[in-house]
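> Here it is, the structure in full.
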Amino acid sequence: MPSYRELLAQAKQHIREVQPADAEARLGEAVFLDVREPDEYEQGALPGSIHIPRGFLEAQIENRVPDRAAPIVVYCAGGNRSAFAAETLQALGYTDVVSMIGGFNRWKDDGRAWSTPRALTPDQRNRYQRHLSMPEVGVEGQLKLLDASVLLIGAGGLGSPAALYLAAAGVGRIGILDMDEVDSSNLQRQILHNEERIGMRKVDSATKTLQALNPDIEVVGYDTRLGADNILDIIDGYDVIVDGADNFPTRYLLNDASLLKRIPVVHGSIFRFDGMVTIFSPYEGPCYRCMVPEPPPAELAPSCAEAGVLGVLPGIIGSIQAVEALKLVLEIGEPLVGRLLVYDALEQSFRELKVNRDPQCPACSDGAEIVIAEYDEHCLPHAVLRDGTEVGTH
Ligand SMILES: [Zn+2]
């Protein structure tokens, strides 16, 4: 049975070691991988390093460093755990791995640059535990969420589930815009509000609900109508917009302003038993005007107050919007850009339609000039896509 010393000597024979000075020369080009325990890492680490405790190395490395040819400098506190880690990485197929002699302690003692990584508080570690245990999110992803800001247009059917889940997930700043007050007819689907809030401004009711769910985040209310005069100021600085608007003028206005500010919009709409979700990613995918070039004529449409919606439907569509917003912030997965996800509650089915960018689009094509202007107050429940699919509203 080999002793620890013998095992270590064996590991060191199988790997390459570099002095801190040589490692320093590779800053910016190689991945610096810290394999110490979380409490050691939190005291200080090499700038820009990624952290996977030795015990999680095999489970997490493929997600964090998918490229097996990537140059990796592994370090620990003194250079021994990193030797074992380097050997493991080689066994997993990583081809360009070195272990740093003397580890973080020597690096620091030599006066080289280091910093204290941002960490979650014990309360946050507990609250977001289920995120932290997923390597695709982890501490880094949770910090991204806490740093992120998402603006919700509407505190109604779609805004309710989206806001609740985004707040619970720890999106650090949630803006919520609505100009109405809570009415008992809202409660069939708008789960941010409740019986006691009838008559209260929706923005105030939403803020109260979200802060009670997660006091760790900031909620900013905009008790106003979105118009040409205020939209650019309101959306400025947000990372993602979740659109739960129920009318065409707002959608067109939001589209144009978000193109100008280059903010992705997670669009959702519902009508009766049907819903749809897509993302308009400025100049990367189609915009709302590419998909719905013009609103349908008013005479074809009953007023939107008459259009019904199944109570649960906004919960499904708004939750999908929240998922897409989180993915955009975390930069994971395949966003619904150029893809329209259509849900039919009666059939209980999803289907996906492709949405293309229109080279002649008046808003997002080359040379198009965007003018932020007020549109007529239409209230139209239907539009028809170029392929004949109906677009709902509520
Ligand atoms: Zn367009």
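The values are calculated or read from the model by the stated rules, or taken from the named source; none is laboratory data. None of these values were measured; they are calculated from a predicted model. Reconstructed Cβ throughout: ideal geometry from the backbone, glycine too, with neighbour counts over all protein chains shown. Calculation scope for accessible area: heavy atoms of the full protein, side chains included, ligands and nucleic acids excluded. Shrake-Rupley method; radii C 1.70, N 1.55, O 1.52, S 1.80 Å.
> How large a share of the accessible area of the range 167-249, in percent, is made up of carbon and sulfur atoms when the probe is 1.4 Å and the other protein chains stay in place? Show your work: numbers first, answer last.
Values: 1560 of 3500 Å².
Result for the range 167-249: 44 percent of the exposed heavy-atom area is carbon or sulfur.
> Okay, moving on. Between beta-carbons, use under 10 Å as the cut-off and find the net charge around SER99, counting Lys and Arg +1, Asp and Glu -1. Provide the component values of the computation, followed by the final result.
Numbers: positive: LYS12, ARG16, ARG81; negative: GLU17, GLU87.
Overall, the nearby charge balance is +1.
> Just the number, please: percent antiparallel of the DSSP beta bridges in the chain, rounded to the nearest 5.
On the way: 21 of 52 bridges.
Of all bridge pairs located within the chain, approximately 40 percent are antiparallel.
> Using 7 Å Cα-to-Cβ label points, what is the ALA69/GLN348 separation (nm, one decimal)?
The modelled label-to-label distance comes out at 4.8 nm.
> Amide H neighbours of GLY311 under 5 Å, at least 5 residues apart or on other chains, H built in the peptide plane: list them.
none
> Which FRET efficiency value, to the nearest 0.05, is calculated for ALA212 and GLU331 with the Förster distance at 25 angstrom and r the Cβ-Cβ distance? List each step's numbers first, then the result.
Values: r = 30 Å, r/R0 = 1.20.
Once the sixth-power term is evaluated, E becomes 0.25.
> Rounded to the nearest 500, what is the 222 nm mean residue ellipticity of the chain from helices alone, with -39500 (n - 2.57) per DSSP H run of 4+ residues and division by all residues?
Details: 15 runs with 133 residues, N = 394.
Rounded to the nearest 500, it is -9500 deg cm²/dmol.
> Still on this structure: Sort 272-281, 124-133, 200-209 by packing, meaning the average of other beta carbons within 10 Å per residue, with the highest value first. List each step's numbers first, then the result.
On the way: 272-281: 23.4, 124-133: 15.0, 200-209: 21.1.
So the peptides 272-281, 124-133, 200-209, ranked by packing, come out 272-281, 200-209, 124-133.
> Taking the simple approach of a point 7 Å from Cα along Cα-to-Cβ for both ASP223 and ARG125, what is their distance in nm?
If labels sit at ASP223 and ARG125, their model points lie 4.1 nm apart.
> Compute the FRET efficiency between GLU374 and ASP147 as 1/(1 + (r/R0)^6), taking r as their Cβ-Cβ distance and R0 = 41 Å, and round to the nearest 0.05. Write out the running numbers ahead of the final one.
Working: r = 34 Å, r/R0 = 0.83.
Approximately 0.75, to the nearest 0.05.
> Another one. How big is the charge dipole of the range 29-105 about its Cα centre, in debye rounded to the nearest 20, if each Lys and Arg gets +1 on its Cβ and each Asp and Glu gets -1 on its Cβ? If you can, show how the numbers build up before the last one.
Numbers: 5 positive and 11 negative charges, 21 e Å.
Magnitude of the dipole: close to 100 debye.
> Under the 0.36 nm per residue contour assumption, what length would be gained going from the current alpha-carbon distance of GLN188 and LEU27 to full extension?
Numbers: separation 161, 0.36 × 161 = 57.96 nm, distance 5.65 nm.
Residue separation times 0.36 nm, minus the Cα-Cα distance, leaves 52.3 nm.
> Shifting gears a bit: In percent, what relative contact order does the chain have, based on Cα pairs under 8 Å that are 6 or more apart in sequence?
Reported relative contact order: 13 percent.
> With +1 assigned to the C-beta of every Lys and Arg and -1 to the C-beta of every Asp and Glu, and no other charges, what is the dipole magnitude of the chain about the Cα centre in debye, to the nearest 20?
On the way: 35 positive and 57 negative charges, 270 e Å.
Result for the chain is approximately 1300 debye, rounded to the nearest 20.
> While we're looking at this one, here's another question. Heavy atoms only, probe 1.4 Å: what % of the accessible area of the range 313-380 goes to carbon and sulfur, would you let me know?
On the way: 1930 of 3760 Å².
Summing carbon and sulfur atoms, their accessible area is 51 percent of the total for the range 313-380.
> Another question, if that's okay. Kindly write out, for the range 82-97 in residue order, the coupling ³J(HN,Hα) from the Karplus curve 6.51 cos²θ - 1.76 cosθ + 1.60 (θ = phi - 60°), rounded to whole Hz, with x marking Gly and Pro.
Result, rounded to whole Hz: 5, 5, 5, 5, 5, 4, 4, 4, 4, 5, 7, x, 6, 9, 10, 10.
> Let me ask you something else. Sticking with the crude label model, points 7 Å out along Cα→Cβ, report the distance from GLU294 to GLN10 in nm, one decimal please.
7.8 nm
> Using a ≥ b ≥ c from the Cα gyration tensor of the range 148-265 (square roots of the eigenvalues), is it rounded, prolate or oblate, where a/c under 1.5 gives rounded and otherwise the larger of a/b and b/c decides, a/b for prolate? Mind dumping the intermediate values first?
On the way: a/c = 2.00, a/b = 1.31, b/c = 1.53.
It is oblate, given that a/c is not under 1.5 and a/b is not larger than b/c.
> Follow-up question, since we're still on this one. Using a probe of 1.4 angstrom, how much of the accessible area of the range 9-138 is carbon and sulfur, in percent? Present the calculation step by step, with values, prior to reporting the outcome.
On the way: 3040 of 6450 Å².
Roughly 47 percent of what the probe reaches on the range 9-138 is carbon or sulfur.
> OK, next. Taking only protein heavy atoms and a 1.4 Å probe, what accessible area per residue, in Å², does the chain have with all protein chains in place?
Numbers: 18260 Å² over 394 residues.
Accessible area per residue: 46 Å².
> Among ASP109, ASP256, ASP233, whose mean-square fluctuation peaks in a Gaussian network model of the chain (Cα, cutoff 10 Å)?
Sorting by GNM fluctuation, first place goes to ASP109.
> How would the range 200-357 be classified by its alpha-carbon gyration tensor: rounded, prolate or oblate, with rounded meaning a/c under 1.5 and the a/b versus b/c comparison settling the rest?
Because its axes are fairly even, with a/c under 1.5, the range 200-357 counts as rounded.
> A follow-up question, please. Specify the inter-centroid distance of the range 6-49 and the range 107-155, based on alpha-carbon positions, in whole Å.
First find each Cα centre; the distance between them is then 22 Å.
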